[in-house]
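To keep things clear, I will list the structure first and then write my remarks on it.
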Amino acid sequence: MNLKDLKVIFMGTPEFSLLVLENLIKNTNVIGVVTQPDKIVGKDKEKSFSPIKKLAVENNILVLQPVKIRREYQPILDLHPDIIITCAYGQIIPEVILNYPKYGCINVHASLLPKLRGGSPLHHALIDGYDKTGVTIMYMDKGMDTGDIIRQSEIPIHDDDTVGTIHDKLSLLGSELLMETLPSIVNQSCVRIKQDDNEATYCHNITHEEELIDFNKTGREIFNQVRGMNPYPVSYFNLNNMIYKVYSVSYEVTDRYQEENGTVIRQDKNSLSIKVADGIINILDLKREGKKRMKIEDYLNGEKINFKGMICNDK
């Protein structure tokens with residue numbers, strides 16, 4: 001079958017999915033897009049819809065937005081897709097859909113499965129200290145990212161990476177890898193590789209409580225947390241009854257300081273250093289509640305409070 005004749009339904013929601021859908025629109029016959037329902041946001045209660053819906057509407061593609069896809073699946077089946085492709089859709093796909101298309105349901109997952117099954121692989125690749133990550137093209141089954149692997153491609157993780165840079169790298173990598181893999185799926189020459197469940201790790205969606213920096217952790221652990229939540233949802237700490245969101249830190253391993261973890265050890269016009277389990281972290285880029293994001297030297301230049309000796313997250 002020519003890919004241009006392949007009837008595709010695409011399921012996705014966030015910006016990460018955009019390049020995948022763009023490539024499918026260019027190279028296949030996308031007959032429908034399934035995305036999460038619109039949200040009401042802001043004081044004016046304006047309707048906000050997903051980046052995927054916006055792209056579909058711009059290309060005159062039918063958009064379906066089931067609140068609960070496990071109950072509202074019939075309109076999807078009525079389109080008679082040859083294949084269904086998902087990428088960060090956000091709901092569990094019921095078996096009645098998984099078993100319907102001739103060429104199956106294919107998922108573009110942002111990790112090297114079986115590592116980092118679940119909803120936040122981009123964040124946890126950094127938070128959990130991985131030195132590489134990647135994209136997996138896989139057949140979907142009823143489990144959470146447990147289906148057979150078709151192809152994978154990996155990238156290294158560098159210390160200057162954030163969840164933002166990893167997002168952009170894997171979004172591009174996933175869109176390219178899918179298009180390279182799709183012909184072998186359609187002509188059924190692709191090799192299916194069973195996942196080793198013994199090697200599996202999992203990543204749940206990040207809670208607000210997990211965004212709070214725990215200064216009882218090591219400098220490296222906090223460094224990984226901060227870059228693994230930059231630019232979203234962003235780590236934070238409390239100091240002097242104010243909330244500070246943190247976008248970048250460095251760390252020093254040292255036994256020089258014996259103060260309580262969370263204590264502001266050093267403050268001068270260019271630095272704010274806080275005691276942690278194995279040394280100190282240096283705040284480099286932050287945003288105080290009610291203020292704009294700043295480099296630490298710019299913030300301290302206008303701040304008149306001496307924080308030295310104060311304890312972060314102190315009740």
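The values are calculated or read from the model by the stated rules, or taken from the named source; none is laboratory data. As the structure is a prediction and not an experimental result, all values here were calculated from the model. So basically every Cβ, Gly included, is an ideal-geometry build from the backbone, and we count neighbours across all protein chains shown.
A few remarks follow.
- Count of residues meeting criterion [exposed (fewer than 11 other Cβ atoms within 10 Å of the Cβ), among the acidic types (Asp, Glu) and assigned to a loop (DSSP other than H, G, I, E, B)] in segment 34-78: 2
- Out of Asp278, Asp285, Asp197, sole residue that is in contact with a Lys or Arg (Cβ under 7 Å, 6 or more places away or on another chain), within 30 Å of Gly118 (Cβ to Cβ) and not polar (S, T, N, Q): Asp285
- Residue pairs meeting the criteria (Cβ under 8 Å; at least 6 apart or on separate chains; first on the phi < 0 side of the Ramachandran plot, in segment 150-176; second of a type in the set (D, E, K, R) and assigned to a strand (DSSP E or B)): Glu154/Lys132; Ile155/Lys132; Pro156/Lys132; Ile157/Lys132
- Strands (runs of 3 or more DSSP E) lying entirely in segment 81-148 (those with 2 or more residues that are under 13 Å from the mean Cα position of the chain (by Cα) and β-branched (Val, Ile, Thr)): 132-139
- Within segment 284-315, tally of residues that are of a type in the set (A, V, I, L, M, F, W, C) and not in a strand (DSSP E or B): 6
- The set of residues in segment 184-203 being loosely packed, with under 15 Cβ neighbours inside 10 Å, farther than 23 Å from Ile155 by Cβ and not charged (D, E, K, R) consists of Asn187, Gln188, Ser189, Asn198.
- Residues (among the β-branched types (Val, Ile, Thr), over 24 Å from the mean Cα position of the chain (by Cα) and outside any strand (DSSP E or B)) located in segment 227-283: Thr254
- The residue that is nearest to Lys68 (Cα to Cα), counting only those in segment 36-51 that are in contact with a Phe, Trp or Tyr (Cβ under 8 Å, 6 or more places away or on another chain) and at pLDDT 90 or above, is Gln36.
- Members of segment 11-33 found to be assigned to a helix (DSSP H, G or I) and β-branched (Val, Ile, Thr), listed by number: Val20, Ile25
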